[in-house]
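A.B. asks: Take a look at this one; I'll ask things after.
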Amino acid sequence: MRINEDLTKPVIVHAARLDWVPSPAAGVDRRMLYRIGGEVARATSIVRYAPGSAFPRHVHAGGEEILVLEGTFQDEHGDYPAGSYFRNPPGTSHVPASQDGCTIFVRLWQFRKGDDVQIVRQPGEGEAAPLRKGVGKARVLFNEDKERVSIEDWQANSSVTVKNRRGLEFLVLSGNLAVGDEKLEPQSWGRLPAGEPLQAMTGPQGARIWIKDAPLQHADVLPMPD
């Protein structure tokens, strides 16, 4: 399966308008944003867990990055309410579930070699970040030489520009904004190749945005299994 696999082209997907696609686990459905591969895939998705659903134990051979969007995501290590962010590096495993149901944003098989630190940020955690014009608040969830992940609160009726020297990926968490002719809403996801800045205009509610500043695929990304 191949979905939005050309990393040289800008893409915006309004995930909230997509149909849910069942996964192999009962009660766990997906909206696929980016995918190369079958059930084991280099992928970016919105995943919904119905109340009481669970996914069998699995090992993250290629790493897993998660942001909880709604509800409470759970595994044997703890509970992660909306706003939680974590990175499960290659070799980690868990049994994901949700007693009351939840929706998460997930990136799989996109870790690079040597990215092996497990990180958990509870809602509101993260270092304060410098503010660009039009941004009221920003916090960094993860930052190292090759990658920076943050959440920003963009002010209402504001023009915001995010420079892009190595690649940008973003997800609207709340509010609304316009990027060119596109009207973005919660669960709108975008990806821009290096050199193309994100230029947006927020609406009267402002917007909260998850942003990854990193190569769209690391040169030393972990290889997929044959």
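The values are calculated or read from the model by the stated rules, or taken from the named source; none is laboratory data. The structure presented is a predicted model; accordingly, all values stated were derived computationally and were not measured. Using ideal geometry, Cβ is built from the backbone for each residue, glycine included, and neighbour counts are taken over all protein chains shown. Each accessible area value is taken on the protein alone, full model and side chains, heavy atoms only, with ligands, DNA and RNA left out. Shrake-Rupley method; radii C 1.70, N 1.55, O 1.52, S 1.80 Å.
A.B. asks: Considering S174, S158, which residue is in contact with a Lys or Arg (Cβ under 6 Å, 6 or more places away or on another chain), small (G, A, S) and without any contact (Cβ under 8 Å) to a residue 60 or more places away in the chain?
C.D. replies: S174
A.B. asks: Would it be correct to say that G206 is free of Cβ contacts under 8 Å to residues at least 40 places away in the same chain and in a strand (DSSP E or B)?
C.D. replies: no
A.B. asks: For the condition of a type in the set (F, W, Y), touching a strand residue (DSSP E or B) at 6+ places or on another chain (Cβ under 9 Å) and either open to solvent by less than 10 Å² (accessible area, probe 1.4 Å) or not in a strand (DSSP E or B) (or both), what is the one hit in Y80, Y34?
C.D. replies: Sole residue among the options that is of a type in the set (F, W, Y), touching a strand residue (DSSP E or B) at 6+ places or on another chain (Cβ under 9 Å) and either open to solvent by less than 10 Å² (accessible area, probe 1.4 Å) or not in a strand (DSSP E or B) (or both): Y34.
A.B. asks: Given the residues L131, L177, which is the only one that is closer than 26 Å to A16 by Cα and either not polar (S, T, N, Q) or not in a loop (DSSP other than H, G, I, E, B) (or both)?
C.D. replies: L177
A.B. asks: Within the stretch 56-77, count every residue that is outside any strand (DSSP E or B), open to solvent by less than 50 Å² (accessible area, probe 1.4 Å) and at negative phi.
C.D. replies: Going through the stretch 56-77 one residue at a time, the tally reaches 2.
For (1) small (G, A, S); (2) open to solvent by less than 40 Å² (accessible area, probe 1.4 Å); (3) within 21 Å of I46 (Cα to Cα), each residue gets a yes or a no:
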position: I151; (1), (2), (3): no, yes, yes
position: Q155; (1), (2), (3): no, no, no
position: R165; (1), (2), (3): no, no, no
position: G180; (1), (2), (3): yes, no, no
position: E185; (1), (2), (3): no, no, yes
position: L198; (1), (2), (3): no, yes, no
position: Q205; (1), (2), (3): no, no, no
position: W210; (1), (2), (3): no, yes, yes
position: D213; (1), (2), (3): no, yes, yes
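A.B. asks: Quick one: G175 ticks every box in (1) under 19 Å from the mean Cα position of the chain (by Cα); (2) within 22 Å of G63 (Cβ to Cβ) except a single one, so which number is it?
C.D. replies: Evaluating G175 over (1) under 19 Å from the mean Cα position of the chain (by Cα); (2) within 22 Å of G63 (Cβ to Cβ) leaves (2) as the failure.
A.B. asks: For the stretch 83-118, which residues satisfy the criterion of being aliphatic (A, V, I, L, M), assigned to a strand (DSSP E or B) and open to solvent by 20 Å² or more (accessible area, probe 1.4 Å)?
C.D. replies: Result: A97, L108.
A.B. asks: Of all residues being of a type in the set (D, E, K, R) and over 13 Å from E65 (Cα atoms) in the stretch 119-130, which is least open to solvent (accessible area, probe 1.4 Å)? Just the residue, please.
C.D. replies: Looking at the filtered set, the residue picked out is E125.
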